[in-house]
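Read the structure below first, then the notes.
Just so it is clear, none of the values below were taken in a lab; they were calculated from the coordinates. Values in this document were obtained by computation on a predicted structure and should not be read as measured data.
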Amino acid sequence: MKKIISIIIGLVLVAVFYYLVSNTGSLDKTYREQDQLIVSEYKRLKTDFVQMKINHQQYFEKLKELSKKEDDLFNEVRLHKFENITEHNYWHRGRLKFPSSIKTELDIITKAEKDS
């Protein structure tokens with residue numbers, strides 16, 4: 001009876017360990033997918049603005065919303081310990097290191113509004 005309980009506990013521990021390892025790596029991919037969604041939303045938003053489907057105020061407000069989403073994602077990513085070195089490099093040597101297109105666009109609009 002003790003032997004069966006020990007085997008069951010061992011199997012449960014192996015299953016939990018496997019679950020933790022497999023889910024940790026999946027977050028690496030999830031962060032990249034979330035980032036790609038934000039970038040594609042930005043591109044669509046910019047296209048709508050250029051084609052005059054939305055006005056300047058709507059564009060600016062939606063840019064601020066995207067910037068907030070991006071900041072939340074970046075804060076989460078900074079705390080994450082990456083298993084995949086490629087993903088780690090993508091974020092820490094690239095995406096987090098330089099201002100995004102969204103931030104740059106917001107800075108340009110904000111500066112233009114201050115100057116006028």
Over 19 Å between alpha carbons, listed pairs Lys64/Lys103; Lys43/Lys111; Lys62/Lys111; Lys43/Lys68: Lys43/Lys111
Under the rule rounded for a/c under 1.5, else prolate if a/b exceeds b/c, else oblate, using alpha carbon gyration tensor axes a ≥ b ≥ c, the stretch 24-116 is classed as prolate
